[in-house]
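Student: Take this structure, written in structure tokens, and hold onto it; I'll ask about it next.
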Amino acid sequence: MNDRSVQNRGDKNRRASLPPGVVAEGAGRRVLEGALHLFATQGFHGTSMRELAKVVELQPSALYIHFPSKEHVLAELVRAGHEAHHHALRAALLEAGNEPIAQLRALVAVHVRLHATYPHLAIVVNHEMDALSPELAAPGRALRAQSSALLLEIIERGTAKKRFAPSHVYVAAAAIGAMGIRVPYWYSSTSGIGIDELVEHHVEMALRIVGAKR
């Protein structure tokens, strides 16, 4: 089963939404949320600006007042998604204190919760970013690298302190990150598991991956 068929299961008709605060309210946000649903369910390349205009009830020419091209719409979604994710990770780490296990718990919990709560955004950010030119993708890629570095630093520090014993630090970080990224491709409100329980399962799996000593 390919990624496009997976993402069309479960909550495909759920309203696409953006986290609060990442983009201003108004017509521009309405365009972004309309694009978000279309890009997530039928792909960036499968969506036209004319179709987007119809969904958000604007004339096609009016879209260009807010975004000069379809690529700029996607680039703004990619930036907003990565920015919301990175800020949430940093806030969670600040609240978690300095102990590596508590930090890993906090980071994984936020990572998974965001991917489950905003599935359309997560799919577009992770699946469609390669459709952008390097210049338009750069802000999102920079934020992604910073977020990945947060996870890697926790695992490295926990390993140095003998709190973790992963078989390989980089492989552990990649596996933990990928688990969360895959959530929107299978999880829905009909999955038989609530988000809190989903989060806790992922936290426990992450702790096993790093060989946490509790």
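Student: Can you tell me which condition ALA174 does not meet? The list is (1) touching a residue at least 40 places away in the same chain (Cβ under 8 Å); (2) surrounded by fewer than 17 Cβ atoms within 10 Å (Cβ to Cβ), and all the others hold.
Tutor: (1)
Student: Given the criterion open to solvent by 10 Å² or more (accessible area, probe 1.4 Å), more than 30 Å from ILE209 (Cα to Cα) and among the charged types (D, E, K, R), identify the matching residue among GLU83, GLU95, GLU135.
Tutor: GLU135
Student: Then there's this: What is the residue count in the range 169-214 for residues that are in a helix (DSSP H, G or I), within 26 Å of PHE39 (Cβ to Cβ) and hydroxyl-bearing (Ser, Thr, Tyr)?
Tutor: Residues in the range 169-214 being in a helix (DSSP H, G or I), within 26 Å of PHE39 (Cβ to Cβ) and hydroxyl-bearing (Ser, Thr, Tyr): 1 in total.
Student: Related question: Looking at (1) open to solvent by 20 Å² or more (accessible area, probe 1.4 Å); (2) assigned to a helix (DSSP H, G or I); (3) closer than 22 Å to VAL199 by Cα; (4) without any contact (Cβ under 8 Å) to a residue 24 or more places away in the chain, which is the one condition that is false for ARG90?
Tutor: Looking at each condition in turn, ARG90 falls short on (4).
Student: Further, regarding this structure: When the residues of the range 10-67 are filtered to those that are over 29 Å from ILE193 (Cα atoms) and among the β-branched types (Val, Ile, Thr), which remaining residue is modelled with the lowest pLDDT?
Tutor: VAL23
Each row is one residue, and each column tells you yes or no for (1) open to solvent by less than 60 Å² (accessible area, probe 1.4 Å); (2) modelled with pLDDT under 95; (3) over 15 Å from VAL112 (Cβ atoms).
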| site | (1), (2), (3) |
| --- | --- |
| LEU152 | yes, no, yes |
| TYR185 | yes, yes, no |
| GLY194 | yes, yes, no |
| VAL203 | yes, no, no |
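Student: Follow-up question, since we're still on this one. Report every pair of residues separated by at least 6 positions or lying on different chains whose Cβ atoms are under 6 Å apart, first residue within the range 53-80 and open to solvent by 50 Å² or more (accessible area, probe 1.4 Å), second in a helix (DSSP H, G or I) and at pLDDT below 95.
Tutor: Close Cβ pairs (under 6 Å, with a partner that is in a helix (DSSP H, G or I) and at pLDDT below 95) amount to VAL55/GLY34; HIS66/GLY28; HIS66/VAL31.
Student: Mind counting the residues in the range 132-163 that are touching a Pro at 6+ places or on another chain (Cβ under 7 Å) and assigned to a helix (DSSP H, G or I)?
Tutor: 5
Student: Give the residue, chosen from ARG113, ARG141, that is within 18 Å of HIS82 (Cβ to Cβ), buried (at least 17 other Cβ atoms within 10 Å of the Cβ) and under 16 Å from the mean Cα position of the chain (by Cα). Please lay out each step first, then the result.
Tutor: Working: ARG141 fails: buried (at least 17 other Cβ atoms within 10 Å of the Cβ).
Among ARG113, ARG141, only ARG113 is within 18 Å of HIS82 (Cβ to Cβ), buried (at least 17 other Cβ atoms within 10 Å of the Cβ) and under 16 Å from the mean Cα position of the chain (by Cα).
Student: Could you grab me the full set of residues in the range 22-40 that are in contact (Cβ under 8 Å) with a residue 60 or more places away in the chain and open to solvent by 10 Å² or more (accessible area, probe 1.4 Å)?
Tutor: Initial filter on the range 22-40 (in contact (Cβ under 8 Å) with a residue 60 or more places away in the chain): 22, 36-37, 39-40.
Hits for the range 22-40 are VAL22, HIS37.
The values are calculated or read from the model by the stated rules, or taken from the named source; none is laboratory data. On a predicted model such as this, the values are computed, not experimentally measured, just so you know. Here the Cβ is made from the backbone with ideal geometry for all residues, glycine too, and neighbour counts use every protein chain on show. With ligands, DNA and RNA removed, areas are computed over all heavy atoms of the protein, side chains included. Shrake-Rupley method; radii C 1.70, N 1.55, O 1.52, S 1.80 Å.
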